[in-house]
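To start, the structure under review is shown below, and the notes come after it.
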Amino acid sequence: MKRKPAYLALLLTAILLPLAFSSITAAQSNTSMYVYPQTSTASPGQSFSVSINIANVVELNAWQFWLNWSANVLDFVDVAEGPFLNSSGAYASFFVAVKPGDPRLPNNSTVYVADTLKGAPRQGAPNGSGTLATVTFRVKTEGVTSLHFMQEPPLKISKLINWDQQLIPHSTEDGYFDSSYVPPPPQTHQLSYDELLANYNSLKDDYDSLNNKYETLQATYNSLSTNHSSLQTDYDELESKYNALTSELETFRNLNYLLIATAIIFIATTVLFAVRKPKTR
C-alpha cells in the first residue's frame, strides 16, 4: 500500500507530459514558411519574382530552405536577402546562397539559401511575419511547375532556429507557376445603405473638423494682419518723426556752421584792423 502514491505520480506524469509537449507544439504549429504569391504567371522570355515569407514566428535567429522547380519550364536568375531577419537594422546577418551550377547541389533546378543573425541579443531576434528572401526566375517555355520546398532529411529540409538555438516547428506551403494562369479579377464589394451612411457621416465629421481648423487659422491670420497694419502705422509714424528730427538736426548743424564762420570772420576783421591802426606819438 505504501507504493500507491509513487504509482499514481508516475501515472499522472505519463498522462500530463505528452499533453504538455503537445500544447507546446500546438502553440508553435501556426508558424509557416510559404511562397508568395502562391501562383505566378509570365510569358516565355519574361522574368518574375516570388517572395519566401515567414508567418507567426518568435525570436527567429536563423533559417534555411531548399527550393526546387522544373528546369524545363524555368531558369534561375537570382536570389536576394529579404528584410525580415535583420528588420531592426542594428545587427549584421550572414546570408548564404548556393545557386544552380554549384556542384554541391543535386541538380540545376535547386537553390539552397540560408541566413543567420550575427551577435544579436534576444531582443534583436525578430517576431511576427515578413519576407526572408526573394527569388527571381526567367520563363523558358510555356508550362506548369511547382516551386517546392524540399523535405529530404537530414540535410535537404527547411529549418527555422530561434535565439535559444532550438528548432522551430513550422509548416511549408509550395508555390506554383503556370504560364496560362489568369489571375482572378479583384473582388468588389457593393456598399449597403448603412455603410454608405456611415462613410458619409465620417467624411462629414472630417470636413467639419477641417473647416473648424480653417476658421481658426483664418481668425489667426486676420489677427496677425491687423497687428501687421498697426505695426506698419507705428513704423510709418516713427519713420516720419525720424525724418523730421534728421531735418532739424541738419538745419541746426548748418546754423552752427554759419555761426562759426561768422565768428571767424569777426575775429579776423578785428585782428586786421588792430594791426593796421596807426601808432600815436
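Bridging of K140 to aspartates and glutamates at a Cα separation below 20 Å is possible for D75, D78, D178, once same-chain residues fewer than 8 apart are set aside. Binning the alpha carbon pair distances of segment 31-178 at 10 angstrom intervals from zero yields the distribution 12, 43, 32, 12, 1, expressed in whole percent. Couplings 3J(HN,Hα) for segment 70-81, derived from phi with the Karplus relation 6.51 cos²θ - 1.76 cosθ + 1.60 (θ = phi - 60°), are 8, 5, 6, 9, 10, 10, 6, 10, 6, 9, 10, 5 Hz, where x marks Gly and Pro. Structural descriptor for segment 31-178: relative contact order 40 percent, calculated from alpha carbon pairs under 8 angstrom and at least 6 residues apart. Going by alpha carbons, how many degrees (0 to 90, nearest 10) lie between the helix axis of 4-28 and the longest principal axis of the chain? Once rounded, one gets 50 degrees. Database remark: amide H of S158 closer than 5 angstrom to the amide H of W66 (H placed geometrically; neighbours at sequence offset of 5 or more, or on other chains; Pro and chain starts carry no H). Cα centroid separation, segment 232-281 to segment 146-187: 103 Å.
For segment 137-147, 3J(HN,Hα) computed residue by residue from phi via the Karplus equation (6.51, -1.76, 1.60; θ = phi - 60°) reads 10, 10, 7, 7, 8, 5, x, 10, 7, 8, 10 Hz, glycine and proline entered as x. Against the main long axis of the alpha-carbon atoms of the chain, helix 193-276 sits at an angle near 30°. Helices in the chain, meaning DSSP H runs of at least 4 residues, each add -39500 (n - 2.57). Divided by all residues, the mean residue ellipticity at 222 nm is -14500 deg cm²/dmol. When Rg and the Kirkwood Rh are both derived from Cα coordinates, the Rg/Rh ratio for segment 41-116 amounts to 1.00. Rounded to the nearest 20, the size of the Cβ-charge dipole of the chain about its Cα centre is 1780 debye, with Lys and Arg at +1 and Asp and Glu at -1.
Can you pull the Kirkwood radius for the chain, inverse mean 1/r over Cα pairs, to one decimal in Å? Before the final figure, lay out the partial values.
Numbers: mean 1/r = 0.0354 Å⁻¹.
It is 28.2 Å.
Binning the C-alpha pair distances of segment 191-281 at 10 Å intervals from 0 yields a P(r) profile of 13, 14, 12, 11, 10, 9, 8, 7, 6, 4, 3, 2, 1, 0 %, listed from the shortest bin outward. Between T136, T270, T145, the residue with the greatest mean-square fluctuation in the GNM of the chain (Cα pairs under 10 Å linked by springs) is T270.
A quarter of the convex hull surface defined by the alpha-carbon atoms of segment 195-242 gives 3.0 nm² as the mean projection.
Sort 73-79, 161-167, 186-192 for me by packing, meaning the mean count of neighbouring Cβ atoms within 10 Å per residue, highest on top.
With the highest mean Cβ count within 10 Å placed first, the list reads 73-79, 161-167, 186-192.
Comparing T233, L210, L272 along the charge dipole axis of segment 191-281, the residue lying farthest to the positive side is L272, per the Cβ-charge model.
All of the numbers you see were taken from the coordinates with simple rules; none came from a lab. Worth saying up front: this structure is predicted, and the values here are computed from it rather than measured. No Cβ is skipped: glycine too gets one built from the backbone with ideal geometry, and neighbour counts run over all protein chains shown.
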